[in-house]
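**Student:** Got a structure for you, questions after.
Computed from the coordinates by the stated procedures, all read-outs in this text should not be read as laboratory data. Bear in mind that the values here come from a model prediction, so they are computed numbers and not experimental data. Don't worry about glycine lacking a Cβ; one is built from the backbone with ideal geometry, like all the others, and counts go over all protein chains shown.
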Amino acid sequence: MEQTWELLSPVGVQKQHTHARPKAAAGNERIVGFLSNRKPNASLLLTTLRARLQERGYETRFYEKLNAATPAAGELLARIAKECTSVIVASGD
C-alpha cells in the first residue's frame, strides 16, 4: 500500500516587515543595547559581546533590570527603545 507524506517547513511563513527601523538618537544606525536580567553570568556574557561589537565600530548601551525575579520596568523598556536600534538580552543561568 502506497502512503503519501506531506512535509512542512519548520521555519513557517516569512512575513515582510512593513515598519521602518527606528532612528537612533545620535543618527548612528548601529546602536546596540544590552539588557542584563542580573542572573549570575548575564552581565559577563553581555559585556564580552559588547566589547567585541565596539571593536567593530558599533555604538552600544548597557542596561540592567532591578533584579532577576521581576520583569523590566516599562520606563526602562521605553528608554531602550528610544536609544537603541537593536537589543540583546542574556539570562546566563
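**Student:** For Ile88, which sequence-distant residues (separation of 5 or more, or a different chain) have an amide H within less than 5 Å of its own amide H, given hydrogens modelled in the peptide plane?
**Tutor:** Gly33, Phe34, Leu35
**Student:** Dipole magnitude of segment 31-90 about its Cα centre, charges +1 at Lys/Arg Cβ and -1 at Asp/Glu Cβ only, in debye to the nearest 20?
**Tutor:** With Lys and Arg at +1 and Asp and Glu at -1, about 100 debye.
**Student:** Just to check, using Stokes-Einstein with a Kirkwood Rh over alpha carbon pairs, what's the diffusion coefficient of segment 31-90 at 10 °C and 1.306 mPa s in µm²/s? Could you put the intermediate results ahead of the total?
**Tutor:** On the way: Rh = 11.6 Å.
Using the Kirkwood radius from Cα pairs, D works out to 137 µm²/s.
**Student:** Stretch Glu29-Ala69 to full length: gain in nm at 0.36 nm per residue minus the Cα-Cα span?
**Tutor:** Result: 11.2 nm gained on full extension.
**Student:** Work out, step by step, the length gained on full extension between Arg38 and Leu76: first 0.36 nm times the residue separation, then minus their alpha carbon distance; give nm to one decimal.
**Tutor:** Answer, rounded to one decimal: 12.2 nm.
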